[in-house]
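Every number in this text was worked out from the coordinates using simple rules, so none of it is lab data. All values reported here derive from a predicted model rather than from experimental measurement. In this analysis, Cβ positions are derived from the backbone assuming ideal geometry, glycine residues included, and neighbour counts consider all displayed protein chains.
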Amino acid sequence: MADPRLDPNQNDYNAGQIQVLKGLEAVRKRPGMYIGSTSSRGLHHLVYEVVDNSIDEAMAGHCTGVDVTIHKDNSVTVIDDGRGIPVDVHPVEKLPGVELAMTVLHAGGKFDKSSYKVSGGLHGVGVSVVNALSVELEVEVWRGGRHYHQSYERGIKTKELEDLGPAEGTGTRVHFQPDPEIFTETVFNFETLSSRLRELAFLNRGLRITIRDERPEEEPLEEDFRFEGGLAEYVEYLRGARQAVHEDVIYFEAERPEAEIELAMQYDTGFSENTHTFVNNISTHEGGAHLTGLKAALTRTINDYARRNKLFKKADESLSGDDVREGLTCVLSVRVMEPQFEGQTKTKLGNSEVRGAVENAVNEHLAIWLDENPKSAKQIIEKSLQAARAREAARRARDLARKKNALEGGVLPGKLADCSLSDASLTEIYIVEGDSAGGSAKQGRDRSFQAILPIKGKILNVERARIDKILANTEIRAMITALGTGIREEFSLDKARYHKVIIMTDADVDGAHIRTLLLTFFFRQMRELIEAGYIYIAQPPLYRIAKGKQEHYAFTEDERTEVVKRLTNGKGEEARGLNIQRYKGLGEMNPDQLWNTTMDPDGRTLLQVTMESAAEADSIFSRLMGDEVEPRRAFIEKNARYVRNLDI
C-alpha cells in the first residue's frame, strides 16, 4: 500500500510555502495561552513542540530518525534527518524561512497543505513559542548540500543566518534552554519525556526515536524506540501481563477520503476496557467522532457475527457496548487533513464526517477478521456473554440497592459526616482510612465545606473484579453514594457533590496500599474525576518535633534533620529536651494537629492527581494491580532506588 501521506504532485517544500498568521499577543506575556502552564507540564511541552516538527517530517515520508538529548544543564537538543527547515528568503516577508519559523507565531509549513498533508501540531504555534520561552536557542539546518546556523536569546536573534559551508545529508538540530524567568520548574523528567517518545514511536511504525539523559553522574540514561509492528506492538505493550483471549492482535489500516485509519485491538481475560484514540499523533482522551464510530461498529459487528453463527441462546439476545468492550485493549489512530478539536482541553475530535469513515472501516475489516478466525471469534463472543451476565447481575444489585436508597441521592451513607455548604465547587471530601483517623478528621475539620468519609481497611482491588463484585463491596458503595456521580456508563461529572476528593491515608506501607487501591478504583470506574482534576492526595507530616513550647512538623526525612539542627544548634537528636514523634498513623494526631498540618487550606499541601498519558497509566495499573506477579517484581526492582519512608 502506497504511503497515503505523500502527495506525489507536491514534493517541493520551500520558504514561499510558509504562510504567516500575524497579530497575536507576545508569548512571553501570556505563556499559558500557548503551552498550557509554566509548571512542569508546560516545560515538557516545549520538547514536544520541537519533536512534533520532526514527526510531521516522518509522517510526510521524509524523516527516519529523531534524537532527543537532555544535557547536564537541563537544556535539550532535538535532531532529525528530515528535509531541514527552509533557508531560502520568503517572497513576502523577506526573511529566511528558518527565521520566520523561529520568530513569527503561526508561521510554518503546516498551514500550507501542499507541504504537509497532515500535521501533529495541535494549534500550529510551533517552535517559535519554544524560542520565545528559552534563554537561548540555536538552530542548525542541513539542506541543499550546505550547513546553516542561527542563534537567539529569548526569541530575539543574536546573529543572522550563517552559511557554514558544504555538508552532506539533510536535517535540523534545535538546542534550547528554558527560561527560569518564565518557568516555575526547569528540571526535565526523563520518564515523562520517554513515555511520550515511546508513544510516538508506536504511532509511527518504523520511525527510530532515541532519548538520552546526560545528567546522571554514574552513567547516562538511554532509551531507543523503534517498532516495526506499530500499533499492533503498542497493543501488546499496553496489554502487558494480562492473558490474551486470542493469540493474534486484530490489525488493519484503511484509507478513506475523510481520514486515514489504523486500528489494533486484542481481548484479554481482564475486566477493564482500555481504548486509546489519537488524531495526527495527538492523544484524544476526551474521545470524539472517531471513538463514537469505533464503539458503534464494534457493537454492531460482533452482534451481527454472533446472530449469523447462532451463538446466542435466545433469538432476541444481544450484547451491549460495554459487554463487547470488556477486556479490550484497543488503539485507534486516525490522520485527518484538517482536524477540528473541541472540549475543555481541545482533545476531542469534532469532525463529524470521521465517525462514518471509522464506523464503515471497522465494520468491514472486523467482520472479515471474525469470519477468517472462527475459533478466536467464538472466544470473544463467549467473553462478551460472560460480561453480559455480570452486567445483568450488577443491574439487579443496583436495583436492590436503589430500593434501599443505597446508590441514589435520597440517603447518604451513615458513616459520612457531610458539610453544610451545597455548592460542589466550594466543597471537599476526605476519604480517610480507619475510624480513629476518621474521628480526628471529623473533629478537626471545618464543617462548612469539608466532609469526611471513613473507610475500613483495604477496599476491593477493582483491577481483578467484575462490576457485580465491585458493587457488592460496602466501602465502594459508600464512596459511590457520597460522591454522587455514578460509575462507568452511568457516570456524570455534573452530579459530583464535591470538587475536591482528597485521599488521606497513613504514612506507612498499608496506607500506601490503600491509596493505590483507591486510585485504581477512580482510574477504572470514575476516570473523569481524575481528568477533571478533582482527585487529590493529602500530605500528612511524618514527624512532630518539639522542644519546650516550640512545635514543628516535618514532612520528609530531610526536613526532620533540618528542624533538629535548627532546634539544637547542630548538636543532633541526642540533645536534651528534644521530643521527636514519628506518626505511624493519622489517628495518633489530635484534631488540632490534623487540622493545622493536613486539612487547613491555608497551611496544607495537597498533591493533585493528573494523567499525562492515559495509555501509560493504564499499563502501570495493569502491571501493579493485575493477577501476574512477575511484572510487579520487575517494576519494584527497577524503581526500588526511588523508595522513600520505607516501613519495615
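Our summary gives segment 458-559 a relative contact order of 24 percent, counting only alpha carbon pairs under 8 angstrom and 6 or more residues apart.
Backbone phi angles across segment 213-223, fed through the Karplus curve with coefficients 6.51, -1.76 and 1.60 (θ = phi - 60°), yield HN-Hα couplings of 10, 8, 6, x, 6, 5, 6, x, 8, 9, 9 Hz in residue order; Gly and Pro are listed as x.
Computing FRET efficiency as 1/(1 + (r/R0)^6) for R28 and K495, where r is the C-beta to C-beta distance and R0 is 30 Å, gives about 0.15. Charge dipole of segment 280-345 (Cα centre as origin; +1 on each Lys and Arg Cβ, -1 on each Asp and Glu Cβ, all else neutral): 440 debye, rounded to the nearest 20.
When the dipole is taken about the Cα centre of segment 197-307, and only Lys, Arg (+1) and Asp, Glu (-1) are charged at their Cβ, what size is it in debye, to the nearest 20? Walk me through the numbers before you get to the answer.
Numbers: 12 positive and 23 negative charges, 132 e Å.
In debye, rounded to 20, segment 197-307 gives about 640.
The listed peptides 302-309, 537-544, ordered by packing as a protection proxy, come out as 537-544, 302-309 (highest mean of other Cβ atoms within 10 Å first).
Based on the mean of other beta carbon atoms within 10 Å per residue, what is the order of 368-374, 189-195, most packed first? Don't skip to the end; give the middle numbers.
Details: 368-374: 14.4, 189-195: 16.9.
The densest-packed peptide leads the list: 189-195, 368-374.
Beyond 20 Å in Cα-Cα separation lie the following of the pairs K29/K94; K295/K383; K313/K378; K72/K565: K29/K94; K72/K565. Phi angles of segment 81-93 translate, via the Karplus equation with coefficients 6.51, -1.76, 1.60 and θ = phi - 60°, into HN-Hα couplings of 10, x, 6, x, 5, x, 10, 6, 7, 5, x, 9, 7 Hz per residue; Gly and Pro are given as x. Filter the GluC sites (Glu not before Pro) in segment 243-305 down to the DSSP loop ones having no more than 12 other Cβ atoms within 10 Å, then list what survives. Those satisfying the criteria are E247.
At an R0 of 30 angstrom, the distance between the Cβ atoms of K314 and N473 translates into a FRET efficiency of 0.45.
Fewest to most neighbouring Cβ within 10 Å: what's the order for K314, K157, K571, K375?
Working: K314 6, K157 16, K571 12, K375 9.
Least crowded to most crowded, the residues run K314, K375, K571, K157.
Just how large is the dipole of segment 231-398 about the Cα centre, in debye to the nearest 20, putting +1 at every Lys and Arg Cβ and -1 at every Asp and Glu Cβ?
980
Projecting the Cα atoms of S318, L238, H290 onto the charge dipole of segment 231-398 (Cβ charges, centred on the Cα centre) puts S318 farthest toward the positive pole. For segment 405-535, lysine pairs separated by 8 or more sequence positions, or belonging to different chains, with Cα-Cα distances below 17 Å total 6. Modelled spin labels at E612 and D558, positioned 7 Å past Cα toward Cβ, are 1.9 nm from each other.
You can think of it this way: the chain between E136 and I620 has 170.6 nm of extra reach, that is 0.36 nm per residue less the Cα-Cα gap. For the peptides 333-342, 416-425, 223-232, the ranking by packing is 333-342, 223-232, 416-425, with the highest mean count of neighbouring Cβ atoms within 10 Å listed first. Straight Cα distances below 20 angstrom link K159 to the aspartates and glutamates D88, E93, E99, E136, E138, E140, D179, with same-chain residues fewer than 8 positions distant left out. Extension gain, S352 to E181, is 57.3 nm, computed as 0.36 nm per intervening residue step minus the present C-alpha separation. For the pair N579 and R396, a Förster radius of 56 Å applied to the C-beta separation gives a FRET efficiency near 0.50, rounded to the nearest 0.05. Distance between the pseudo-spin-label points of D508 and E236 (7 Å out from Cα toward the beta carbon): 4.4 nm. Estimated at 0.36 nm per residue, the fully extended path between F190 and L416 surpasses their Cα-Cα distance by 77.2 nm.
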